[in-house]
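Values in this text are rule-based calculations from the coordinates and carry no lab data. Note that this is a predicted model, so its numbers are computed, not measured. Here the Cβ positions follow ideal geometry from the backbone for every residue, glycine too, while neighbour counts run over all protein chains shown.
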Number of protein chains: 2
Amino acid sequence: MAQLIADRRDVDFVLHEQLDVDKLSKDERFAEFGKKTVDLIVSEARNLAIKEILPLQTISDEGCTFNAGEVKVPDAFHSVYAAYNEGEWLGMTDDPEWGGQGMPHTVAMAANEYFYGACNSFMLYNMLTHGAAKLVEKFGTDDQKRIYLKNMLSGKWSGTMLLTEPNAGSDLAAVEATAKPNGDGTYSLFGNKIFISAGEHDMVENIIHPVLARIEGAPEGIAGISLFLAPKFRVNADGSPGEFNDVVCTGIEHKMGLHGNATCSLTLGGKSGCIGTLLGQENKGVAAMFEMMNEARQMVGLQGFANASASYMYALNYARERIQSRELKAPATSKSVPIIRHPDVKRQLITMKAYVEGLRSLNYFCAMCHDLVAVSTDEEHKTHYEYLLEVLTPIVKGYGTDKSFDVCNQGIQIYGGYGFIEEFPVAQLLRDSRIFMLYEGTNGIQSIDLLGRKLSMKKGAAFNALLVEIKKTIADAKAVDGLEDLTARLEGFFSTYTEVAAALQVKSRSDEFLTAYAFSYPFMEVTGDLAMAWMLLWRAATATANKGKKKKDNIFYDGQIKTARFFINQILAATAGKMEALKACDNAVVEMDEAAFGSK
Amino acid sequence: MAQLIADRRDVDFVLHEQLDVDKLSKDERFAEFGKKTVDLIVSEARNLAIKEILPLQTISDEGCTFNAGEVKVPDAFHSVYAAYNEGEWLGMTDDPEWGGQGMPHTVAMAANEYFYGACNSFMLYNMLTHGAAKLVEKFGTDDQKRIYLKNMLSGKWSGTMLLTEPNAGSDLAAVEATAKPNGDGTYSLFGNKIFISAGEHDMVENIIHPVLARIEGAPEGIAGISLFLAPKFRVNADGSPGEFNDVVCTGIEHKMGLHGNATCSLTLGGKSGCIGTLLGQENKGVAAMFEMMNEARQMVGLQGFANASASYMYALNYARERIQSRELKAPATSKSVPIIRHPDVKRQLITMKAYVEGLRSLNYFCAMCHDLVAVSTDEEHKTHYEYLLEVLTPIVKGYGTDKSFDVCNQGIQIYGGYGFIEEFPVAQLLRDSRIFMLYEGTNGIQSIDLLGRKLSMKKGAAFNALLVEIKKTIADAKAVDGLEDLTARLEGFFSTYTEVAAALQVKSRSDEFLTAYAFSYPFMEVTGDLAMAWMLLWRAATATANKGKKKKDNIFYDGQIKTARFFINQILAATAGKMEALKACDNAVVEMDEAAFGSK
């Protein structure tokens, strides 16, 4: 069978050869997760993804239906939802106390790559439930945990995130929903929320909504926003869902993609009253949200990357099968060949491969950082990996979803005219992927986060953690036969990059901060390209080391080395040019008069 | 009223200030088209586009319906189709002998920008009719012209182009449709054609199909393909449509966008017999097609660019109205501002502006080349402009539609989450635009055309025509106060570019041709970036010269200069890096083993 969703050989390469996930099993908490178990888990996840979840993808495109406050997901979702939860996949990485599997994030990442790549709109229900559950776990009272957590991690109840309002998108300070204390520790919530993914649907018996709202009399802006938990149905004393809690779905959006996931408008407390309980501290709602934000953003990065990988697999299979035109300069009597043989198609494929594999390594590396935080006994180590996660999050989300969209776009191009036809899978992957660049903070916001917060975090120590890791890979690769040129090139690039980053950080805190922020996006882009080159050089070094061990793997390893060569010699050359622009920091954008953009 | 579709001020700038369209009216054939008339035409076109055609755009997204061989366009199309043809807009540039208006292409371009930007799927019906009519005009017998031409240019009958078959997409040599001589000068046609835009619909009384097919016994490959004309209804002696000609629509495609234009599968001669007449010479069908190909490809470039312009207008208006977040580093008590005030949003807008305006100038310049070919009395001049059109066509189509897609994508990003919602106009513009990168030769094919044909055409004389024009702009800009740095930078870039182009041309004809063709796409990209920089520098020089003439225009002119600065200092810096990769021509793509792309 042709590979679907993700190339298993490459998944295994990252898990076992690049990251050596087995090392985690030396720690007691991960002792069960030796290589054999890991391989079994990935195989099971892949099986479920290909056999059960993937068939939902086309169906999901037909969308959900809305009628009188009720949302129905496509019928086929129900049995797969049951199968997914029967396998206890939602709580892969969670605490067994609450029904989790206690699995390393790195292993869960491989499973999730298959799940999300199979059908993102189905998985988004699960992703939101998991995110909401983590909020309860982190900020909930014992009661809140007892009532909600097991039901959520088992998928019996689902979760959401009620942040956005018509006038509060990127700017949460503008949240207007209110909370009125009832005197018994509960609050009555009022407000209109929009763009609520999975806000209402018919796969579960209850939906748990974390809600940002202002307690009456709270300070203006961010400092007056609190977080609440409001279930769709109030929970009875015996834990069963009771009375309707007046969270009314008033409609679902007609979107460009991800149709299988209902994007709801919700009105809270418009009729019978919506009762919520405070989650965490008063007026600390946004801070609580932000603590979970990195993880949510990493998940969006995974969503994008998984679609990119799926698109690459489809395009590769198609390019190997589609016969069109004879080879360049072949005699007129020659037979037509599979299009993979045409150099421009190969260029497109290697471009897709470079980003997909670079992003795979980067996503898995972030998962590994989570695991290393968990097993570190040394505070310094722990902090190092925490810092890495802080700095890499905007890259994984902002840069990652941009490039994933580009990969999906290239996937369409490989299909030629067929790529535009919805009967083939690549158009939907592109449409579905467009939202990843927008939600959980637009990619512009990610670039501002990188420049404005992460670059200066802990006096630069967080950012330095990234530089240290890249330097390590460069130092290791220096000793590898055959990679001298590539390593030298990346080292030169890296050295310029560190100067540019330092200068931009200073500028962002100077009077010229507007100029610096006009370059936040290009800076995120060059940082992302650097991350890709780092990961691909690391892969090439690993491949060189393992070459010859198994003869049948040599072509795979050669492919790793050539992909790194392609990226560093070709793509990164353009990035180096972009870095010159970052050095110069021409001020045209800031100086441009708003009226000069066009007549009114 | 906010500007929609295109910024009229900028359209006028290109027509009158950059290209001086008025100079054409010195020629007898264009004597009627002085400035006043031109402005009137553009105003009328804009009026029709905004009031009549634009309202079709949302409706068009609901698509056409197919039932038992019949295709219905959305109801609202009919009256607008009538209005469009009542205005005689289809034949703007055509010979008055056949009902055309004899207008300069440059003026028609401005009108078309509004029309296509208003609703591309509606306009595609007209575009195909026009293309088919031009084939008849160029290759038809007197009889064919008499029977078809006026009816087509008046929009009474429409046209198509029957090239593609399931196994013959990019590779026309694989065409399998056949033509059997009937002994009376007519042929019986048999075959299945797919992806036929406007192949069947209910807006006209007859549809005229130019068809590529092989006469029985013809040579294999391209050399055995002829072009035929087959109407949907055979034409009676009195010119009225008669008997059904057995061109049966077997279905329409479910596409990612452009839903309002029916993409049909057609079966010819499956039942009662499809009678066609030869158009042009036997076995010269592909050559005939290719003579019309440049114009068709330029039209696709316009299709993309018009959507990009529309998306920019929407995004700009939105960014001026959408209030979100206070200014960077403003005190917490400050009010939120329109998002255009945020530097990263400004960066996005200026990026869109640079491409839209660069592409506008390039598209209009191509139209002007058509006109200069027409009015040239000097053979050398005429050839010069013909050469320019040859070389610029793959840029306008390949590079132009790539960048237009990117601009539409940026348009979505400016809208934030709303961009993903189909209630807003920007998502559809992106979806509609995706096909432009695929049809009339994929953009990969365009890059191969540029490298393989246009670079070597007439021993390089065609390509040299482009270099001469760019040099002229650089020389002119040198004399302009304030543009010294920009001009010097572009001059340096240009000098490297000419070296790179020369080396790549040599390589493409050497044993290393595979390597050269693995760089055809990046070469097209740098050529396109150069074309943008050329056009933007020309604009800046023109703006500098005209500054101060009317005070109210100074902000507009300043915007021109800053946009050029942004593009040349920021975007072209990355292009310069890409040119380094083109210089080095690393061979990784070619050396990559096909099996190394992924396991099977």
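A few notes on this one:
- Within the stretch A:194-292, the GluC sites (Glu not before Pro) that combine a DSSP coil assignment with at most 15 other C-beta atoms in a 10 angstrom radius are A:205, A:216, A:220, A:282.
- Distances between equivalent label points of residue A:16 across the copies, with each point positioned 7 Å along Cα→Cβ, amount to 7.3 nm, shortest listed first.
- Dipole in debye (nearest 20) - the stretch B:462-526, about Cα centre, beta carbon charges: Lys, Arg +1; Asp, Glu -1: 200
- For A:125, B:521, the sequence from fewest to most other C-beta atoms within 10 Å is B:521, A:125.
- Given charges at beta-carbon only (K, R positive; D, E negative), |dipole| of the protein assembly as shown in Debye: 1500
- Farthest toward positive dipole pole in the stretch B:1-102 [+1 Lys/Arg, -1 Asp/Glu at C-beta], among B:11, B:30, B:66: B:11
- With each label modelled as a point 7 angstrom along the Cα→C-beta vector, the residue B:167-residue A:479 pair spans 5.6 nm.
- Selected from A:285, A:521, B:463, residue furthest toward positive end of dipole (the protein assembly as shown; charges at beta carbon): B:463
- Using R0 = 56 Å, the C-beta based FRET efficiency linking residue B:39 and residue A:26 works out to 0.10.
- Separation between Cα centres of the stretch A:92-149 and the stretch B:208-222, rounded to whole Å: 61
- Working note: 222 nm ellipticity from helices only, DSSP H runs with n ≥ 4, each -39,500 (n - 2.57), summed and divided by the residues of chain A, gives -16000 deg cm²/dmol to the nearest 500.
- Unsatisfied cross-links (Cα-Cα over 21 Å) in the set B:26/B:353; A:397/A:454; A:193/A:600; A:156/A:232; B:346/B:562: B:26/B:353; A:193/A:600
- Cβ-defined net charge surrounding residue B:72, 11 Å radius [Lys, Arg +1; Asp, Glu -1]: -4
- Theoretical FRET efficiency, 1/(1+(r/R0)^6), r = Cβ-Cβ of residue B:550 and residue A:512, R0 22 Å, to 0.05: 0.10
- Cα centroid separation, the stretch B:281-312 to the stretch B:1-51: 23 Å.
- Inter-probe distance in nm under a simple model that places probes 7 Å from Cα toward Cβ, at residue A:584 and residue B:9: 2.7
- This ranking places A:207, A:448, A:323 by how few other beta-carbon atoms lie within 10 Å of each, fewest first, which gives A:323, A:448, A:207.
- For the stretch A:191-336, the Cα gyration tensor yields ellipsoid semi-axes of 49, 19, 14 Å (square root of five times each eigenvalue, largest first, whole Å).
- Coil-residue GluC sites (Glu not before Pro) of the stretch A:468-501, DSSP, other Cβ within 10 Å capped at 10: none
- Spin-label pair residue A:328/residue B:142, simplified geometry with 7 Å Cα→Cβ offset, distance in nm: 4.9
- Given charges at Cβ of Lys, Arg, Asp, Glu: the stretch A:337-468 dipole, positive-most of A:354, A:450, A:398: A:354
- Span per principal axis, largest first, for the Cα atoms of the stretch B:327-455 (Å): 69, 28, 25
- Estimated FRET transfer efficiency when R0 is 45 angstrom, pair residue B:453-residue B:88 (beta carbons, to 0.05): 0.80
- Proximal aspartates and glutamates relative to residue B:550, as straight alpha-carbon distance under 16 Å, when same-chain residues fewer than 8 apart are discounted: B:10, B:12, B:17, B:558
- The stretch B:508-550 and the stretch A:521-574: distance between their alpha carbon centers, rounded to Å: 30
- For chain B, size of Cβ-based charge dipole, Lys and Arg +1, Asp and Glu -1, in debye: 1860
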